[in-house]
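A short worksheet on the structure shown next.
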Amino acid sequence: MHLKEKFILDAAKKSKRSRLYYLLLALLDTGARPSELYPVNESNEDTEITFEPVRWRDFFEHNFEIVQLVSYKGKERKIRLVPVTERLKTALLALWQSLKC
């Protein structure tokens, strides 16, 4: 891990009740684009695209081994499967446990 990456992740993790750490970790470890993880501009009236962000179910369906990402380029819809790193898996399972309480 690079020093700058570690610094940014540590700062994001210290933020109370923030999901920023998990979002940054998912972006870094999967190579996902922001629009593949959360709806960036869901009210785009120029197109009829429905953004499909990653859901918890997407991780659980594949036992946190891979996750399906959906992206759009123009009107073309592309699906790709990306591996979930052990670091991301551990962090997301810890987040899941904290949300259940």
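For this structure, a couple of remarks:
- Every residue from region 53-88 that is in a helix (DSSP H, G or I) and over 15 Å from ARG19 (Cα atoms): ARG57, ASP58, PHE59, PHE60, GLU61, GLU86, ARG87
- Taken together, the residues in region 72-83 that are surrounded by 13 or more Cβ atoms within 10 Å (Cβ to Cβ) and modelled with pLDDT of 85 or more amount to 3.
- Taking region 1-27 as the range and being out of contact with any Leu (no Cβ under 8 Å at 6 or more places or on another chain) and not in a loop (DSSP other than H, G, I, E, B) as the test, the residues that pass are LEU3, LYS4, LYS6, PHE7, ASP10, ALA11, LYS13, LYS14, LEU20.
- Qualifying positions in region 1-40 - of a type in the set (D, E, K, R), under 14 Å from ALA91 (Cβ atoms) and surrounded by 14 or more Cβ atoms within 10 Å (Cβ to Cβ): LYS13, ASP29
- Close pairs (7 angstrom Cβ cut-off, 6 or more residues apart or separate chains): farther than 15 Å from GLU36 by Cβ in region 51-68, surrounded by 13 or more Cβ atoms within 10 Å (Cβ to Cβ) and among the β-branched types (Val, Ile, Thr) anywhere: PHE64/VAL84; GLU65/VAL84
- Failed item, numbered, when ILE66 is tested on (1) surrounded by 13 or more Cβ atoms within 10 Å (Cβ to Cβ); (2) closer than 13 Å to LEU25 by Cβ; (3) not small (Gly, Ala, Ser): (2)
- All positions within region 84-101 that are of a type in the set (Val, Ile, Thr) and either surrounded by fewer than 12 Cβ atoms within 10 Å (Cβ to Cβ) or out of contact with any strand residue (DSSP E or B) (no Cβ under 6 Å at 6 or more places or on another chain) (or both): THR85, THR90
The values are calculated or read from the model by the stated rules, or taken from the named source; none is laboratory data. As the structure is a computational prediction, the values presented were derived from the model and not from experiment. Using ideal geometry, Cβ is built from the backbone for each residue, glycine included, and neighbour counts are taken over all protein chains shown.
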